[in-house]
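One structure below.
The values are calculated or read from the model by the stated rules, or taken from the named source; none is laboratory data. Fair warning: this is a prediction, and the values are worked out from it, not measured in the lab. All Cβ positions, even for glycine, are placed from backbone atoms using ideal geometry, and neighbour counts span all protein chains on display. Calculation scope for accessible area: heavy atoms of the full protein, side chains included, ligands and nucleic acids excluded. Shrake-Rupley method; radii C 1.70, N 1.55, O 1.52, S 1.80 Å.
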Amino acid sequence: QVQLVESGGGLAQAGGSLRLSCTASVSTFSINTIGWHRRTPGKQRELVAVISSGGSRNYADSVKGRFTISRDNAGKTVSLQMNSLKPEDTAVYYCNAVTRIGSYWGQGTQVTVSS
């Protein structure tokens, strides 16, 4: 089982930046993919960014060029640097880890972007 603890988030103005971090209970190098999803009221949860154990990255079209996902050298923490934030980025952001055994979720962290 993988436990995920998220930090970061909060309130930012449009055009500003925030950084989210997700610390896993196991090395992220042992996780197939780890990344961030978000959910806004009335909408389905959507993938924001994901990084594989091999280091490949994928981003939602809506965040390409603005968000960057990275992993620390120790392999326990994955971060999402969010720049040029827009009001439509407002959502609850969830860290997700997928292993051979299953899919695991963090508790979620609120990101609010004011115009």
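Over the chain, what is the relative contact order in percent, taking alpha-carbon pairs closer than 8 angstrom and at least six residues apart?
37 percent
Indicate, rounded to the nearest 5 percent, the antiparallel portion of the DSSP beta bridges found entirely in the chain. Kindly include the intermediate steps, with their values, before the conclusion.
On the way: 38 of 42 bridges.
The answer is about 90 percent antiparallel.
Keeping the other protein chains in place, figure out the carbon and sulfur percent of the accessible area of the chain, with a 1.4 Å probe. Walk me through the numbers on the way to the answer.
On the way: 2800 of 5950 Å².
That fraction is 47 percent.
At Thr99 and Glu46, where each label point lies 7 Å from the Cα along Cα→Cβ, what is the point-to-point distance in nanometres?
Label-label distance for Thr99 and Glu46, simple model: 3.0 nm.
Please turn the phi angles of the stretch 43-60 into ³J(HN,Hα) values with the Karplus equation 6.51 cos²θ - 1.76 cosθ + 1.60 (θ = phi - 60°), one per residue in order, whole Hz, x for glycine and proline.
Going residue by residue, I get 10, 6, 5, 10, 5, 9, 7, 8, 10, 8, 4, x, x, 6, 10, 9, 10, 5 Hz, with x marking Gly and Pro.
Work out the FRET efficiency for Ala60 and Ser115 from their Cβ-Cβ distance, taking R0 = 22 Å, and round it to the nearest 0.05. Walk me through the numbers before you get to the answer.
Details: r = 21 Å, r/R0 = 0.94.
Rounded to the nearest 0.05, the efficiency is 0.60.
So with the 1.4 Å probe, I'd like the accessible area per residue for the chain, rounded to whole Å².
Details: 5950 Å² over 115 residues.
Value for the chain: 52 Å² per residue.
Ranked from highest to lowest mean number of other Cβ atoms within 10 Å per residue, what is the order of the peptides 70-79, 90-99? Before the final figure, lay out the partial values.
On the way: 70-79: 15.6, 90-99: 20.5.
Ranking, from highest mean packing down: 90-99, 70-79.
Ranked from highest to lowest mean number of other Cβ atoms within 10 Å per residue, what is the order of the peptides 21-28, 2-9?
Working: 21-28: 18.5, 2-9: 16.8.
For the peptides 21-28, 2-9, the packing ranking is 21-28, 2-9.
How big is the dipole moment of the chain about its Cα centre under a simple scheme where the beta carbon of each Lys and Arg is +1, that of each Asp and Glu is -1, and everything else is neutral? Debye, nearest 20, please. Write out the running numbers ahead of the final one.
On the way: 12 positive and 6 negative charges, 24 e Å.
That gives the chain a dipole magnitude of about 120 debye.
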